[in-house]
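Encoded as structure tokens, the structure appears first; notes follow it.
The values are calculated or read from the model by the stated rules, or taken from the named source; none is laboratory data. Small disclaimer: the values here were computed from a predicted structure and weren't measured. Here Cβ is always computed from backbone atoms with ideal geometry, including for glycine, and neighbour counts include all displayed protein chains.
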Amino acid sequence: MTADAFIFWFLSLVAVTSGLSVVMMANPIYSALSLAMTMVSLAALFATLGAYFIAGVQVIVYAGAVMVLFVIVLMLFDLREETKAFTRGQVSGALKIAMIGFLAGLIVMVMAQGVKFLAAPDVVDAAKLPEDSSKALGLVLFNRHIFGFEALGVLLLVVAVGTVALARSKGGTHAKH
């Protein structure tokens, strides 16, 4: 086994394991951390393919910003009361089994389509792609649309501060009693 194959299989195992632990963990904070690990391992897989821009965006946008928003939303819930809401009845058990079967069928269908796609000849010629496409994209985003990025950053900061203030206030979900 070559080093490239070992790295691919290791990162794939980490991504699949952490992806499964997202839905298997009972604690939502651990589930969010598992989701972050899934996103980081996917970014590492993109980096091994030479897609460094996509890997960077994966880490910055998904593992950074989206995970912060997930944790902010989790702070607003009273997790002790939320765990009592899940039922263990026959209807919910049958629904869970049906959804597992549906998702397993969906995964098999996607894998079958992927085999057909891999057997097809390459459509994109790498020589025709521009070399500096990520540089041009960066110039457009940070020259024409800089106000949107700055406004979004301020908005996310206000949301984070407001969420912490609401969660820690008297009567909030994480107030000190």
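What to note about this one:
- Check on VAL57, at pLDDT below 75 and either crowded, with 17+ Cβ neighbours inside 10 Å or closer than 26 Å to VAL158 by Cα (or both): no
- Only listed residue being at pLDDT below 70 and assigned to a helix (DSSP H, G or I), chosen from VAL110, VAL115, VAL158, VAL140: VAL115
- One residue from ALA94, ALA126, ALA98 being modelled with pLDDT under 75, within 29 Å of VAL16 (Cβ to Cβ) and among the small types (Gly, Ala, Ser): ALA126
- Conditions (1) surrounded by 15 or more Cβ atoms within 10 Å (Cβ to Cβ); (2) modelled with pLDDT of 85 or more: number failed by MET75: (2)
- Condition met for SER12 (over 21 Å from VAL68 (Cα atoms), of a type in the set (S, T, N, Q) and either crowded, with 18+ Cβ neighbours inside 10 Å or within 17 Å of the chain's Cα centre (by Cα) (or both)): yes
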